[in-house]
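*Asks:* Quick one: the structure is below, questions incoming.
None of the figures in this text is laboratory data; all of them are computed from the coordinates on show. Please read all numbers here as calculations on a predicted model, not as lab measurements. In this analysis, Cβ positions are derived from the backbone assuming ideal geometry, glycine residues included, and neighbour counts consider all displayed protein chains.
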Amino acid sequence: MKNLQSTTTLHNGVEMPWFGLGVFKVKEGTEVVNSVKAAIEAGYKSIDTAAIYGNEEGVGKAIAESNVPREELFITTKVWNSVQGYDTTLAAFEESMKKLGLEYLDLYLIHWPVPQQNKYKETWKALEKLYKDGRVRAIGVSNFKEHHLKDLLDNCEVKPMVNQVEYHPRLTQTGIHKLCKQNRIQLEAWSPLMQGGLFEEPTLKEIAQNYGKSIAQVILRWDLQNEVVTIPKSITPHRIQENADIFDFELSADDMEKISSLNQNQRVGSDPDEMNKF
């Protein structure tokens, strides 16, 4: 993990950047275009969006307007709850690709397990087809707890390559992290900064001061040292650059433990067992 281009190798051999830009709640149009362009100009290679974010077109526009070859970028999007199922997922994928203006996708995720409708295994079969057809370089899930993941692993042909979950010092997700490691599934963090909810935490303030870094930089470095891919969101060019300035220091084992000990199993997002929004 030497720089923004450093990658982890997924279990199918595809290289995925350790660090990227998330665009959750970034407005379609100028805001998302400028955010993605600023990230690419700063050296980011990974951009994470989703159908439900409503900004795939802007992400695609920014990619098209950047001077970086497509094959150097790693683009992720996700299938939304209301279109889960085999045929509907295939159609949703085509819609996302049209909006993004891309020929292929690097990573496609099931956004939520949505236990009430229980269609994620059917949806996964569609992702497996897209993967086998070469439309997607890697497939995975998002917000899957241990029991969702075990259920999928018992019923799939292709194992997920990634599980993207809410992950930060207040929610360390040790159980799912362990299960993912056992199955060579890469854990990825969304909301790594807990939407700013950790910026007044005294332990983090002290550690940040000791390293001459911001609290955000310390948390993001903690992610990487825990071997978790991370995708912080920002729309400000200087913050986008600052978030990525985490490759010139290393947290000690003691400080890593101090940060992990802040865990309270506290979520800012929905509990995947209760998330049934369509």
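*Asks:* What list of ³J(HN,Hα) values in whole Hz, one per residue of the range 21-28 in order, does the Karplus curve 6.51 cos²θ - 1.76 cosθ + 1.60 (θ = phi - 60°) give from phi, with Gly and Pro shown as x?
*Replies:* Whole-Hz 3J(HN,Hα) from phi for the range 21-28: 10, x, 10, 4, 6, 8, 5, 4.
*Asks:* Moving on to the next point. Between residue 122 and residue 15, take the C-beta separation as r, use R0 = 35 Å, and let me know the FRET efficiency to the nearest 0.05.
*Replies:* Plugging the Cβ-Cβ distance into 1/(1 + (r/R0)^6) gives 0.75.
*Asks:* Under 15 Å from the Cβ of residue 46, count the other residues' Cβ atoms, weight Lys and Arg +1, Asp and Glu -1, and hand me the total.
*Replies:* Computed value for this residue: -2.
*Asks:* Report the calculated FRET efficiency for residue 104 and residue 41 (r = Cβ-Cβ distance, R0 = 30 Å), to the nearest 0.05.
*Replies:* Computed FRET efficiency for residue 104 and residue 41 comes out at 0.80.
*Asks:* OK, next. When a/c reaches 1.5 or more, the comparison of a/b and b/c decides; with that in mind, is the chain rounded, prolate or oblate per its Cα gyration tensor?
*Replies:* Numbers: a/c = 1.70, a/b = 1.24, b/c = 1.37.
Oblate.
*Asks:* Under 24 Å from the Cα of residue 178, which lysines turn up, not counting those fewer than eight places away in the same chain?
*Replies:* Candidates past the 8-residue exclusion: 78, 121, 145, 150, 159, 258.
*Asks:* Starting from the 7 Å offset along Cα-to-Cβ, what nm value, one decimal, do you get for the label separation of residue 91 and residue 264?
*Replies:* In this crude spin-label approximation the distance works out to 4.5 nm.
*Asks:* Between beta-carbons, use under 14 Å as the cut-off and find the net charge around residue 194, counting Lys and Arg +1, Asp and Glu -1.
*Replies:* Combined, the nearby Lys, Arg, Asp and Glu give -1.
*Asks:* Would you mind pulling out the separation of the Cα centroids of the range 202-278 and the range 75-100, in Å?
*Replies:* Here the answer is 30 Å between Cα centres.
*Asks:* Can you give the helix-only mean residue ellipticity at 222 nm for the chain, where every DSSP H stretch with n ≥ 4 adds -39500 (n - 2.57) and the sum goes over all residues, rounded to the nearest 500 deg cm²/dmol?
*Replies:* Theoretical 222 nm ellipticity from helices: -11000 deg cm²/dmol.
*Asks:* Report the FRET efficiency, 1/(1 + (r/R0)^6), for residue 195 and residue 68, where r is their Cβ-Cβ distance and R0 is 35 Å, rounded to 0.05.
*Replies:* Efficiency, rounded to the nearest 0.05: 0.75.
*Asks:* Moving on to the next point. May I ask you to list the GluC sites (Glu not before Pro) in the range 150-244 that are in a DSSP loop and have at most 12 other Cβ atoms within 10 Å of their Cβ?
*Replies:* On the way: sites: 157, 166, 188, 200, 206, 227, 242; in loops: 157, 200, 227.
Qualifying residues, ordered by number: 157, 200.
*Asks:* Also, quick follow-up: Taking the radius of gyration and the Kirkwood hydrodynamic radius from Cα positions alone, what is the Rg/Rh ratio for the range 174-269, to two decimal places?
*Replies:* Numbers: Rg = 13.3 Å, Rh = 14.1 Å.
Taking Rh as the inverse mean 1/r over Cα pairs, Rg/Rh reads 0.95.
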